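Q: Mind having a look at this structure? Questions to follow.
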Amino acid sequence: MDLLDDEPGNTPEFTVSELSGAVKRTIEGEFGFVRVRGELGRVMVPRSGHVYLDLKDDRSVISGIVWKGVAARLQMRPEEGMEVIVTGRMTTFPGQSKYQIVIEDMAPAGAGALMAMLEKRKAQLQAEGLFDAARKRPLPYLPEVIGVVTSPSGAVIRDILHRLRDRFPRKVLIWPVAVQGAKCAAEVARGIEGFNRLTPGGALPRPDLLIVARGGGSVEDLWGFNEEIVVRAAAASAIPLISAVGHETDTTLIDYASDRRAPTPSAAAEMAVPVRLELLAATRDFGARMTRAMGHRVEQRGQRLRDLARALPRPMELLDGPRQRLDHLDERLPGALRRAVDRKRLILTEQSGSLRPATLHRAIVAERNRAADRAARLGPALTRLVIARREALARRADRLDLRPLKRDIATGRERLAELTRRLDGAQGARVADLTARVEALDRLRETLGYRATLARGYAVVRGEGQVLTSKAQAEAATALEIEFADGRLKLGGGPARRAAPAAKSRPPEQGSLF
């Protein structure tokens with residue numbers, strides 16, 4: 001046997017599991033704690049809550065996993081394309097012969113990465129319409145209850161309470177939250193949603209206005225107010241919300257979703273309520289102005305009333321004209337009565353000329369003779385008719401059966417009763433319909449008739465036997481007749497007199513109403 005030949009019996013044999021375990025122990029022993037910088041690739045979050053991702057650079061890719069409990073504590077949400085620095089330990093997954101990093105912590109790779117992620121999230125939320133100006137609501141002028149979401153131990157809440165007490169004391173409800181760190185975003189979102197769930201008028205009153213406040217800090221300190229969960233809670237709030245996060249130069253995403261942004265927490269308190277003393281002074285000033293305005297208005301109306309009273313004629317002067325017309329008509333009345341009696345007497349005389357006694361006597365004699373002649377012939381004719389009808393009845397009596405007749409009579413009576421009821425109903429409906437139509441036509445006639453126009457203050461002017469439609473015709477006429485709603489009045493051709501009321505059915509020939 002050649003001394004240089006291999007002896008296979010000296011090489012140890014490993015099972016697959018033993019070799020995988022050895023590799024696992026080696027990798028975990030050498031890389032038990034590592035910090036890796038890279039770009040996030042594929043990011044998956046299944047229903048289990050664990051986060052599976054790829055950490056890559058321009059040449060290599062490492063698979064990573066964030067267990068569910070660790071993922072809940074991360075200060076940032078992993079998103080594809082972010083450059084991050086992760087801390088964890090390397091391990092292997094024997095089932096697929098691959099290695100991976102178990103991530104314990106994750107942070108953006110510098111301020112540039114944070115700002116890039118912030119701009120990306122801002123663009124996404126803005127595209128959904130959460131920052132639209134149309135969604136923003138006006139703040140209540142004087143809220144009864146103000147809810148503040150902030151840390152109860154910081155200087156921010158003291159500044160807000162002090163400012164509210166100086167301007168206009170209001171009832172304040174505080175929802176304590178962490179304003180930085182891993183718990184900040186979730187607690188702030190729960191605070192906003194919790195205030196919105198309160199019942200109006202309940203044991204714990206529902207705020208009329210919310211203030212989300214925090215003092216100044218770095219981008220990392222304020223990062224909780226850039227989280228999507230906080231922005232969506234602020235946009236979905238049914239209560240108007242003021243964001244007062246950081247100093248005047250600090251801007252977070254909640255500022256875009258809130259209804260109003262305050263540069264500081266103290267400025268948020270100033271936006272929430274007016275100054276009580278200034279409001280009282282303005283109220284007193286408005287009351288004084290209203291009193292002066294009312295006094296000036298009453299004085300103007302009184303002066304106007306006095307001016308109009310001087311322009312009105314005295315009451316006795318208003319009665320002079322009607323009194324004179326009454327005296328004139330009183331003088332004309334006896335003569336008019338005598339002329340009317342003479343005219344009626346003349347008509348009676350003309351009609352009585354044809355009523356002579358001899359004529360009436362001859363007419364009566366002629367009618368009496370004609371009646372006597374017909375009476376002499378009536379007796380024999382009735383006797384002959386009765387005899388003929390009796391004979392005919394005797395011939396048909398043997399064939400006459402009363403039962404069919406009774407049935408026919410009963411049927412006819414029932415049919416007659418039914419027809420009578422139907423006729424009464426139809427006649428009543430017809431009469432009601434015709435009555436309604438007649439009333440409607442009468443109302444239409446009254447509406448379309450020119451007398452309805454006269455009742456509103458217009459009049460019809462006639463002269464020379466015709467309706468006058470222009471000023472020139474009225475000036476050329478020697479006498480005018482004016483028709484009002486209650487009668488006609490004649491002017492010219494002698495003293496003015498009131499004519500009899502015009503017939504309702506007679507419309508004006510063709511004129512104008514004025």
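The values are calculated or read from the model by the stated rules, or taken from the named source; none is laboratory data. Keep in mind that this is a model prediction, so the values were computed, not measured. In this analysis, Cβ positions are derived from the backbone assuming ideal geometry, glycine residues included, and neighbour counts consider all displayed protein chains. Side chains are part of the model used for accessible areas, which takes the heavy atoms of the whole protein and leaves out ligands, DNA and RNA. Shrake-Rupley method; radii C 1.70, N 1.55, O 1.52, S 1.80 Å.
Q: For the range 217-231, does any single residue satisfy the condition of being in a strand (DSSP E or B), modelled with pLDDT under 95 and surrounded by 15 or more Cβ atoms within 10 Å (Cβ to Cβ)?
A: Keep residues of the range 217-231 that are in a strand (DSSP E or B), which gives none.
No; the residues of the range 217-231 include none that is in a strand (DSSP E or B), modelled with pLDDT under 95 and surrounded by 15 or more Cβ atoms within 10 Å (Cβ to Cβ).
Q: May I ask you to verify whether GLY32 is touching a strand residue (DSSP E or B) at 6+ places or on another chain (Cβ under 8 Å), small (Gly, Ala, Ser) and loosely packed, with under 14 Cβ neighbours inside 10 Å?
A: Numbers: touching a strand residue (DSSP E or B) at 6+ places or on another chain (Cβ under 8 Å): yes; small (Gly, Ala, Ser): yes; loosely packed, with under 14 Cβ neighbours inside 10 Å: yes.
Yes; evaluated as a whole, the condition is true for this residue.
Q: Restricting attention to the range 180-237, report how many residues are within 18 Å of PRO143 (Cα to Cα) and hydroxyl-bearing (Ser, Thr, Tyr).
A: 2
Q: Sort through ARG338, ARG396, ARG345 and tell me the only one that's under 30 Å from LEU491 (Cβ atoms) and either surrounded by 10 or more Cβ atoms within 10 Å (Cβ to Cβ) or among the basic types (Lys, Arg) (or both). Reasoning before the result, please.
A: Numbers: ARG396 fails: under 30 Å from LEU491 (Cβ atoms); ARG345 fails: under 30 Å from LEU491 (Cβ atoms).
Step by step, each of ARG338, ARG396, ARG345 is checked, and only ARG338 is under 30 Å from LEU491 (Cβ atoms) and either surrounded by 10 or more Cβ atoms within 10 Å (Cβ to Cβ) or among the basic types (Lys, Arg) (or both).
Q: Turning to a different aspect of this structure: Pick out the one residue from ILE254, ILE211, ILE239 that is surrounded by 22 or more Cβ atoms within 10 Å (Cβ to Cβ), within 36 Å of the chain's Cα centre (by Cα), at negative phi and not in a helix (DSSP H, G or I).
A: Values: ILE254 fails: not in a helix (DSSP H, G or I); ILE239 fails: surrounded by 22 or more Cβ atoms within 10 Å (Cβ to Cβ).
Matching residue, one of ILE254, ILE211, ILE239: ILE211.
Q: Tell me, which residue of the range 152-170 that is out of contact with any helix residue (DSSP H, G or I) (no Cβ under 7 Å at 6 or more places or on another chain) and in a helix (DSSP H, G or I) is surrounded by the most Cβ atoms within 10 Å (Cβ to Cβ)?
A: Of all residues in the range 152-170, those out of contact with any helix residue (DSSP H, G or I) (no Cβ under 7 Å at 6 or more places or on another chain) come to 152-155, 157-158, 161-162, 165-166, 169.
In the following step, the residues that additionally are in a helix (DSSP H, G or I) were identified as 155, 157-158, 161-162, 165-166.
Numbers: ALA155: 10, ILE157: 19, ARG158: 12, LEU161: 17, HIS162: 12, ARG165: 12, ASP166: 14.
The extreme case among them is ILE157.
Q: Going through the range 72-99 one residue at a time, which ones are of a type in the set (A, V, I, L, M, F, W, C) and open to solvent by 30 Å² or more (accessible area, probe 1.4 Å)? Steps first, answer last, please.
A: Start the filter on the range 72-99 by keeping residues that are of a type in the set (A, V, I, L, M, F, W, C), which leaves 72, 74, 76, 82, 84-86, 90, 93.
Hits for the range 72-99 are ALA72, ILE85, PHE93.
Q: Hey, another quick one. Take ASP166 and tell me if it is without any contact (Cβ under 8 Å) to a residue 24 or more places away in the chain and farther than 19 Å from VAL275 by Cβ. Full working, then the answer.
A: Details: without any contact (Cβ under 8 Å) to a residue 24 or more places away in the chain: yes; farther than 19 Å from VAL275 by Cβ: no.
The answer is no for ASP166.
Q: Collect the residues in the range 68-88 that are assigned to a strand (DSSP E or B), farther than 14 Å from ALA116 by Cα and either touching a Ser or Thr at 6+ places or on another chain (Cβ under 8 Å) or among the hydrophobic types (A, V, I, L, M, F, W, C) (or both), keeping them in residue-number order.
A: Result: ILE85, VAL86.
Q: Out of LEU279, LEU326, which single residue is assigned to a helix (DSSP H, G or I) and open to solvent by 60 Å² or more (accessible area, probe 1.4 Å)?
A: Working: LEU279 fails: open to solvent by 60 Å² or more (accessible area, probe 1.4 Å).
After ruling out the rest, the residue left standing is LEU326.
Q: Continuing with this model, one more query. Take the residues in the range 52-86 that are acidic (Asp, Glu) and in contact with a Lys or Arg (Cβ under 8 Å, 6 or more places away or on another chain); name whichever of them is modelled with the highest pLDDT.
A: Our first condition is that a residue be acidic (Asp, Glu); within the range 52-86, this holds for 54, 57-58, 79-80, 83.
Filter again for in contact with a Lys or Arg (Cβ under 8 Å, 6 or more places away or on another chain), leaving 54, 79-80, 83.
On the way: ASP54: 90, GLU79: 81, GLU80: 79, GLU83: 82.
Step by step, filter the range 52-86, then rank; the result is ASP54.
Q: Follow-up question, since we're still on this one. Can GLY246 be described as within 19 Å of ARG158 (Cα to Cα), of a type outside the set (Phe, Trp, Tyr) and surrounded by fewer than 19 Cβ atoms within 10 Å (Cβ to Cβ)?
A: On the way: within 19 Å of ARG158 (Cα to Cα): yes; of a type outside the set (Phe, Trp, Tyr): yes; surrounded by fewer than 19 Cβ atoms within 10 Å (Cβ to Cβ): no.
No; evaluated as a whole, the condition is false for this residue.
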